[in-house]
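**Q** Sharing a structure with you now.
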Amino acid sequence: MVALQSLLSPQTLTRVVSRQAATSNWLLSLFGCQPGGSSIENLGHGREGSYHIYNNVRAVGQLTAPGSAAARRNPQGVGRVNFTYARMHDSVSMLAEMLHNLGRIDDPATRDRAGADMLRRQTTTLSQLASNFRLAMLVGTLRDSLYINRQDDTAFFDFAGGGQQIGNVAARMPSGNKSKLNMLGTGDIIDTKWSTTTADIPGHVGKINAAFQQLCGGHLHAVVCGTKVWNYVINNEHVAAVHGSATPPFVVLERDSLDPAVGATMQNVYRARLSVYPDVVWYITDEGLDIGAPGAETFTKYVGDSNALFLGHNPSDNTISCYEGSEPIAERDGGPESVKVGLASWSVKRSNPTSTDIFALDNSMIVNHVPASTAYATVEF
């Protein structure tokens, strides 16, 4: 019973939920946007916040004659993006009568004293919901298709838009970084669908890399795609021409080489490098989320079967960050208010009927400081 009381104490419960949410998904960990991650930023915001966009330059410093004054130029422009933090507030309520009569799920013949095992499992579920809340924002930001829709009194994320839309959380990705990638305004880079074995996929990848250098001063660091697109790549004639018939077209990268916190979550992810452009990491996964109106969610892959996500920056360099907001919360009726920053969790014992309620709260927002540093391409059309 002491262990159960310790689990449900407010501070301990927040640590438990935060730790579980942090280890739930590799994509959040890769970008450092999980609770406690390297890309978390807390700027003291409440409900409203803002961030700045500051681009690199390719211009050359001005030449001046010896002994003359320094040339003067205007300060580099800074873009400011205002936003309202997205808010997740979820809970589960369990009647004492129900918990009192439970057997353990893993051993039904053994009584689950005070429902301790069930409470722990429900806490894990809330942790997963909290993790998926941030994950949905991250995926939507990477694709620049994160919408917030409303159904009656419920708001929910959607990647397709439509419905009673109440807001589009814009990542401000340039239009040329979408679809067939007319990134520089000189024509589509993806000029042939990748299922065509003669499509010049290495040429496409090289042009995307060059476009990132021109747009934001970055380079192509990684590609995220599903197995369908990956099979197009490794069966491509131009890719085969580079590696030859005696060697495989790619090298599989072991998960052990990663940060253990990231590698442990990659159960359904393959990492590889092609013989052509060996400095680009490919993440191959068919994972997804159930997205849409409550009760009518649709399984949606992080990256569609006809798409590929190109990252023109290192995922861990804070180009994409998770800002955490805050709000005052009283954990129980008549209780004192305390400011909850980012992800927080607590439990409340209620009477009439006797129950235990577990709550999870998160005020956060995924932001892309360099909108031109990602591209979401349609490679099959």
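The values are calculated or read from the model by the stated rules, or taken from the named source; none is laboratory data. These numbers come from a predicted model, not from an experiment. Every residue, glycine among them, receives a Cβ derived from its backbone with ideal geometry; neighbour counts consider all protein chains shown. Only protein heavy atoms, including side chains, enter the accessible area calculation; ligands, DNA and RNA are left aside. Shrake-Rupley method; radii C 1.70, N 1.55, O 1.52, S 1.80 Å.
**Q** For region 250-381, what is the charge dipole size about the Cα centre, in debye to the nearest 20, if Lys and Arg each add +1 at the Cβ and Asp and Glu each add -1 at the Cβ?
**A** Value, rounded to 20: 120 debye.
**Q** Could you tell me how many degrees, from 0 to 90 and to the nearest 10, lie between the Cα long axis of helix 116-143 and the main elongation axis, the longest principal axis, of the Cα atoms of the chain?
**A** Helix 116-143 and the main axis of the chain meet at about 20 degrees.
**Q** Then there is this: Taking just the C-alpha trace of region 326-381, give me its Rg and Dmax in Å.
**A** Radius of gyration, then largest Cα-Cα span, for region 326-381: 19.9, 59 Å.
**Q** For the pair His219 and Ala65, what calculated FRET efficiency results from E = 1/(1 + (r/R0)^6), where r is the Cβ-Cβ distance and R0 = 30 Å, to the nearest 0.05?
**A** The value I calculate is 0.25.
**Q** Can you tell me the FRET efficiency between Val81 and Asn231 if r is taken as the Cβ-Cβ distance and R0 is 56 Å, rounded to the nearest 0.05?
**A** E(calc), rounded to 0.05, equals 0.90.
**Q** Additional query: Would you please state which residues of region 78-95 a label at Glu327 would reach in this model, taking the label point 7 Å out along Cα→Cβ and a backbone N cut-off of under 14 Å?
**A** Backbone N within reach: 84-91.
**Q** Quick one: what are the phi-derived ³J(HN,Hα) couplings along region 340-346, Karplus 6.51/-1.76/1.60 with θ = phi - 60°, whole Hz, x for glycine and proline?
**A** For region 340-346, the Karplus curve yields 9, 9, x, 7, 9, 9, 7 Hz.
**Q** Where Rh denotes the Kirkwood radius from the mean inverse Cα pair distance, what is Rg over Rh for the chain?
**A** Numbers: Rg = 24.3 Å, Rh = 23.3 Å.
That ratio is 1.04, to two decimals.
**Q** Moving to a separate point now. Given contacts defined as C-alpha pairs under 8 Å and at least six residues apart, what's the relative contact order of the chain, whole-number percent?
**A** 26 percent
**Q** If you average the alpha carbon positions of region 115-144 and of region 43-79, how far apart do those two centres end up, in angstrom?
**A** 39 Å
**Q** Continuing with this model, one more query. Given DSSP loops and a limit of at most 14 other Cβ atoms within 10 Å, what is the longest stretch of the chain that contains no such trypsin sites (Lys or Arg not before Pro)?
**A** On the way: sites that count: Arg47, Arg58, Arg72, Arg73, Arg172, Lys193, Arg332.
It works out to 194-331.
**Q** Please compute, for the alpha-carbon atoms of region 27-87, the extent along each of the three principal axes and give them in descending order in Å.
**A** Answer, in whole Å and largest first: 57, 26, 17 Å.
**Q** Here is a further query. Of the chymotrypsin sites (Phe, Trp or Tyr not before Pro) in region 17-104, which ones lie in a loop per DSSP and count no more than 16 other C-beta atoms within 10 Å?
**A** Here the sparse-neighbourhood loop sites are Tyr54.
**Q** Report, in degrees rounded to the nearest 10, the 0 to 90 angle that the Cα long axis of helix 10-22 makes with the longest principal axis of the chain.
**A** So the helix axis and the longest Cα principal axis differ by about 30 degrees.
**Q** Now for a separate question. In the chain, which cysteines lack any other cysteine Cβ under 4.7 Å from their own?
**A** Cys216, Cys225
**Q** If you don't mind, another one. Give me the accessible area per residue for the chain, probe 1.4 Å, as a whole number in Å².
**A** Result: 49 Å² of accessible area for each residue.
**Q** Mind listing the Cα extents of region 186-312 along all three principal axes, in Å, largest one first?
**A** Principal axes ranked by extent give 47, 38, 31 Å for the Cα atoms.
**Q** Just to verify a number: FRET efficiency for Asp290 and Arg72, C-beta to C-beta distance, R0 = 41 Å, to 0.05?
**A** The value I calculate is 0.15.
**Q** Roughly how many percent of the accessible protein surface of the chain is carbon and sulfur, given a 1.4 Å probe and a whole-percent answer?
**A** Carbon and sulfur atoms account for 49 percent of the accessible area of the chain.
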